[in-house]
Amino acid sequence: MPDHPNPVPQFSIAEARRIVQDLFEPDPRIYWADFLLSLGVGSASFLGSRLIVRFSADWHPWWPAIGLLSVVASLAFYRASLFTHELTHLRRGEFRLFRLAWDGLFGIPSLMPSFLYHVHLAHHRRKHYATREDGEYLPLARRPAWHIVWYLAQSVLIPALGIVRFGLLTPLSWASPRFRGWLIRRASSMVIDPTYVRPMPTPEQLRGWRIQEAGCLAVVWLAVLATVSGIVLPSLFLHLYAIAVAIVLLNEIRTLGAHRYQFAEGEVTFVAQLTDSLNHPGWPWLGELWAPVGLRFHALHHLFPSLPYHVLAKAHRRLMRELPPDSLYRQTVSPSLWRSIRVLWSQARQVNRGPASEQNRKDDTHPSLSRSISLGEPFSRRLRS
């Protein structure tokens, strides 16, 4: 973005679409192979770590192997979990068997059925992005830094909330229509804004909810009965809980690098939504660990939400090669997740300290980020216009 009061440069969506127009068809073979491999690696790694604990007279010398297997399991399950994001963007009626398989093999057993994430589509609507209707956005760059710390700290509690939601609150809601309404609107969404109120789903959608909720309820109570009866050791579920916390924490760290989180209120333009989002094309092997299933190309995903995840890297390379040198798209590129979070933290620290000079706001930022970040509130107002 220019550091002078000229109009915000235009961005041609039609030109960008022309460059990637042949990449919009998802390949079901890739979806199935990727998901099943991720689930298989995660399950095998977790089982291996439990076998060491179960059959070693003294497992303490084996703790490095247990720790390594647990890390592999966490990363593999994390990748499998993020296919729920793809499911929300696939056209209705597509990949029906894959949707059922994801919920049956992972979503329901992990207490994160797909209906929890259907609200994600509001995050892509121009009238909803960064408003109260968008549960996946918080103006963290304009709030004190402790909001970021608290956001990350919640990862310890979120798996427990899932257990309570499905193991206790679900059957109670079936007995009370009034409580059911509260549970649907206030405790049935995977979002980052705890004040988010979900719109009521249709009766047809609610019928699908009940099936998924019943499956999650069965998972919770079967786990309780297995522990009480001595069939499995309590340490197994503590181990699973630790992995769940690791997955939630990793996803929250990824989310901090998805946007600049500069907008506090009001509707923003599509161009503003794009420039508030970030791509992390560097370090691809590492990026696939912390932002798998294409999520390291978050700005590109906001530009074309229906692009399947397995072509995003190719699409990004094309756009960087063929778009004009002054294209706004180039300003979505961040050199690393660490730098993106460092910029966000620096801005939040400035909120703690009160008004700061423009020069201070530019400190510790990458050139590709600083031009937009340093403009502060005037920049935000201009993009909203």
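Is it fair to say residue 130 is under 30 Å from residue 300 (Cα atoms), of a type outside the set (S, T, N, Q) and at pLDDT below 95?
Numbers: under 30 Å from residue 300 (Cα atoms): yes; of a type outside the set (S, T, N, Q): yes; at pLDDT below 95: yes.
Taking the combined requirement at face value, the residue satisfies it.
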Legend entry - residue 300 being touching a Gly at 6+ places or on another chain (Cβ under 7 Å), farther than 25 Å from residue 154 by Cβ and buried (at least 23 other Cβ atoms within 10 Å of the Cβ): no
Inset, instruction - Can you tell me which residue within the range 335-352, out of those that are among the small types (Gly, Ala, Ser) and within 18 Å of the chain's Cα centre (by Cα), is farthest from residue 277 (Cα to Cα)? - result: 336
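Could you list, in sequence order, all residues of the range 16-66 that are charged (D, E, K, R), modelled with pLDDT under 95 and not in a helix (DSSP H, G or I)?
Result: 58, single match.
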Inset, instruction - Could you look through the range 116-154, keep only residues that are in contact with a Lys or Arg (Cβ under 8 Å, 6 or more places away or on another chain), in a loop (DSSP other than H, G, I, E, B) and not charged (D, E, K, R), and pick out the one that is surrounded by the fewest Cβ atoms within 10 Å (Cβ to Cβ)? - result: 145
Inset, instruction - Kindly indicate whether any position in the range 91-99 is within 19 Å of the chain's Cα centre (by Cα), on the phi < 0 side of the Ramachandran plot and at pLDDT 95 or above. - result: yes
Inset, instruction - Scan the range 284-301 and report the pairs whose first residue is at positive phi and whose second residue is part of a loop (DSSP other than H, G, I, E, B) and not basic (Lys, Arg), with Cβ atoms within less than 9 Å and a gap of 6+ or a chain change. - result: 293/82; 294/82; 294/307; 294/308
Inset, instruction - With the condition kept exactly as written, say whether any residue in the range 325-340 is closer than 21 Å to residue 85 by Cβ, in contact (Cβ under 8 Å) with a residue 60 or more places away in the chain and either among the hydroxyl-bearing types (Ser, Thr, Tyr) or in a loop (DSSP other than H, G, I, E, B) (or both). - result: yes
Inset, instruction - Consider residue 307 carefully, then state whether it is part of a loop (DSSP other than H, G, I, E, B), buried (at least 20 other Cβ atoms within 10 Å of the Cβ) and under 13 Å from the mean Cα position of the chain (by Cα). - result: no
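Take the residues of the range 74-90 that are over 12 Å from the mean Cα position of the chain (by Cα) and under 21 Å from residue 43 (Cα atoms): which is surrounded by the most Cβ atoms within 10 Å (Cβ to Cβ)?
Initial filter on the range 74-90 (over 12 Å from the mean Cα position of the chain (by Cα)): 74-77, 80, 87-90.
After this cut, where a residue has to be under 21 Å from residue 43 (Cα atoms) as well, the list is 74-77, 80.
Numbers: 74: 21, 75: 22, 76: 21, 77: 24, 80: 27.
Selected residue: 80.
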Inset, instruction - Please work out which residue is nearest to residue 343 (Cα to Cα), limiting yourself to the range 100-127 and to residues that are over 18 Å from the mean Cα position of the chain (by Cα) and at pLDDT below 95. - result: 126
Legend entry - Verdict on residue 37 being out of contact with any Asp or Glu (no Cβ under 9 Å at 6 or more places or on another chain) and surrounded by 14 or more Cβ atoms within 10 Å (Cβ to Cβ): no
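The values are calculated or read from the model by the stated rules, or taken from the named source; none is laboratory data. Quantities reported herein were computed from a predicted structural model and do not represent experimental measurements. No Cβ is skipped: glycine too gets one built from the backbone with ideal geometry, and neighbour counts run over all protein chains shown.
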